[in-house]
Amino acid sequence: MPDEASRPTYPIRTAGDLAEHPAPLHDDETPLARATEHSLLVREGARLRPPLPRPAATRIFVVANQKGGVGKTTTTVNVAAALAQQGQRVLVIDLDPQGNASTALNIEHRRGTPSTYDALVDGQPLVEVAVECPDLPGLWVVPATIDLAGAEIELVSVVAREGRLRKAILGHPRVGAEAGDERFDYVLIDCPPSLGLLTLNALCAAAEMMIPIQAEYYALEGLGQLLETVEMVKAHLNPTLTVSTILITMYDARTRLSAGVADEVREHFGGQVLNTAIPRSVRVSEAPSYAQTVMTYDPGSPGALSYLEAAREIAHRGAPA
C-alpha cells in the first residue's frame with residue numbers, strides 16, 4: 001500500500017473557482033471541471049449575445065400534435081425560455097390539464113390556483129391569472145390545473161365555445177401591435193395530446209402552428225389527421241391559421257431511422273421545417289424534475305444549444321405573410 005507522500009494529488013476546482021478565475025483549463029484537469037467551464041462560457045456567451053429582433057406585432061403560436069410523447073410541452077417551454085433569454089417578451093398558456101408546462105417553468109398549479117380554467121370557463125381576464133416565471137425575466141405563464149380536465153364538458157353548452165381562448169388572448173392589454181413596447185412578442189399555447197375542445201380553442205386562437213415531430217416512424221402516422229383538422233379549422237373557424245413551423249425532435253444522428261424520417265419530413269413540408277433538429281438528450285428529460293427548462297438547467301448541453309438556435313430561426317423567419 002503506497003504511503004501518503006507517494007499518493008498522486010489531483011487539482012480540484014469548483015464552479016465558484018471557475019467563476020472567480022475563468023482562465024482556460026488545462027487538458028490534465030478533470031472532465032467535470034471542463035464541463036463546468038464550458039457551461040459558464042455558454043452562459044456568458046448567451047448574456048453577451050445581441051437580442052433578437054422583435055416582431056412588429058404579437059405572434060401567437062399553437063404547439064400541437066395529437067400523438068403523445070413527441071415533445072410538445074418540452075418544445076413549448078424550451079423555445080419560450082430561449083426566446084426570453086434573447087430579449088423577447090413571451091407568454092406561455094398551459095392548456096394541458098396535467099400542467100407539465102407549468103411544472104417545467106416552476107409555476108404553482110395546485111387545484112384552486114388561478115389558471116386557464118378560470119379564463120376559459122369563468123371568463124376571468126388572462127392578465128389576472130398570468131404569473132411571471134421566477135427563473136426567466138420576461139417570460140409569463142398562465143398555468144393549468146387539474147380543474148381543466150372538466151372544462152371540455154362545461155364548455156359544451158357555452159355559446160361560441162371554440163372562441164373562448166381567442167377572446168381571452170386578444171383581450172390581454174399586452175397582446176397586439178397597438179400594445180406598444182410592453183407588448184408580448186410571442187404567445188405559445190401548449191395543448192393536450194388530443195383533438196378535443198381545448199385543442200380546438202387553441203387552433204382558433206392562434207395565427208401560427210408549430211408541430212413537433214419525433215424522429216420515429218410512428219410520429220408520421222397521425223400527422224395526416226392533424227393536418228385535416230387544421231384545414232377544417234381554417235375553412236370554418238380560423239382562416240388565418242398557418243402551419244408555419246415544424247420542428248424535428250428526439251433526433252438520433254446515429255440511426256438511419258432518424259435520418260430517414262427527417263428527410264421524409266423535409267421533402268414533404270419543405271421550408272416549414274426548421275433547419276435545427278433537437279437531439280435526443282438526457283439533460284432535456286431531466287430538467288423538468290428540477291422545475292426548470294434545459295435552458296437554465298444545463299445551458300451548455302446540446303439540447304439547450306439546439307433550442308436556442310431553433311428560437312433564433314423562428315425569430316428571423318418572421319410571421320408568414
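Would you pick out the residues in the stretch 266-298 that are more than 20 Å from Ser102 (Cα to Cα), outside any helix (DSSP H, G or I) and not aliphatic (A, V, I, L, M)?
Asn275, Thr276, Pro279, Arg280, Ser281
Those residues that are over 16 Å from Leu227 (Cβ atoms) and buried (at least 19 other Cβ atoms within 10 Å of the Cβ), I need them from the stretch 243-274; list them, please.
Those that are over 16 Å from Leu227 (Cβ atoms) and buried (at least 19 other Cβ atoms within 10 Å of the Cβ): Ile248, Thr249, Met250, Tyr251, Ser258, Val261, Leu274.
Could you say whether any residue in the stretch 114-123 is at pLDDT 90 or above, charged (D, E, K, R) and surrounded by fewer than 20 Cβ atoms within 10 Å (Cβ to Cβ)?
Yes, there is a match, as at least one residue in the stretch 114-123 is at pLDDT 90 or above, charged (D, E, K, R) and surrounded by fewer than 20 Cβ atoms within 10 Å (Cβ to Cβ).
Sort through Pro299, Pro279 and tell me the only one that's without any contact (Cβ under 8 Å) to a residue 60 or more places away in the chain, surrounded by 16 or more Cβ atoms within 10 Å (Cβ to Cβ) and either within 24 Å of Ala253 (Cβ to Cβ) or assigned by TED's automatic domain parsing to the domain that holds Ala101 (or both). So that I can check it myself, show each step before the final result.
Working: Pro299 fails: without any contact (Cβ under 8 Å) to a residue 60 or more places away in the chain.
Answer to the check: Pro279.
Look through Leu139, Leu148 and report the one residue that is modelled with pLDDT of 95 or more and under 30 Å from Val233 (Cα atoms).
On the way: Leu148 fails: modelled with pLDDT of 95 or more.
Checking each option against the conditions leaves just Leu139.
What's the total number of residues in the stretch 99-142 that are of a type in the set (Ser, Thr, Tyr) and under 19 Å from Asn201 (Cβ atoms)?
Of the residues in that region, 4 qualify.
Do any helices (runs of 4 or more DSSP H) entirely within the stretch 143-259 hold 1 or more residues that are farther than 26 Å from Arg317 by Cβ, out of contact with any Cys (no Cβ under 8 Å at 6 or more places or on another chain) and charged (D, E, K, R), and if so, which? Walk me through how you get there before you give the answer.
Working: elements: 151-155, 164-170, 197-205, 218-221, 223-236.
Hits in the stretch 143-259: 151-155, 164-170, 218-221.
Being of a type in the set (Phe, Trp, Tyr), in the same structural domain as Val156 (by TED's automatic domain parsing) and closer than 18 Å to Pro320 by Cα, is that true of even one residue in the stretch 211-225?
Step one: filter the stretch 211-225 for residues of a type in the set (Phe, Trp, Tyr), giving 217-218.
Within this subset, residues satisfying the condition of being in the same structural domain as Val156 (by TED's automatic domain parsing) are 217-218.
Applying the additional criterion that residues be closer than 18 Å to Pro320 by Cα yields none.
Checked the stretch 211-225: no residue is of a type in the set (Phe, Trp, Tyr), in the same structural domain as Val156 (by TED's automatic domain parsing) and closer than 18 Å to Pro320 by Cα.
Examine the stretch 222-241 for a residue that is within 29 Å of Gln86 (Cβ to Cβ), crowded, with 19+ Cβ neighbours inside 10 Å and in contact with a Ser or Thr (Cβ under 8 Å, 6 or more places away or on another chain), and state whether such a residue exists.
No: the stretch 222-241 contains no residue that is within 29 Å of Gln86 (Cβ to Cβ), crowded, with 19+ Cβ neighbours inside 10 Å and in contact with a Ser or Thr (Cβ under 8 Å, 6 or more places away or on another chain).
Can you name every residue in the stretch 202-217 that is within 22 Å of the chain's Cα centre (by Cα), modelled with pLDDT under 90 and surrounded by fewer than 21 Cβ atoms within 10 Å (Cβ to Cβ)?
Answer for the stretch 202-217, where residues must be within 22 Å of the chain's Cα centre (by Cα), modelled with pLDDT under 90 and surrounded by fewer than 21 Cβ atoms within 10 Å (Cβ to Cβ): just Glu216.
The values are calculated or read from the model by the stated rules, or taken from the named source; none is laboratory data. Keep in mind that what you see is a predicted model, and the values were worked out from it rather than measured. Virtual Cβ from ideal backbone geometry, glycine too; neighbours counted across all protein chains shown.
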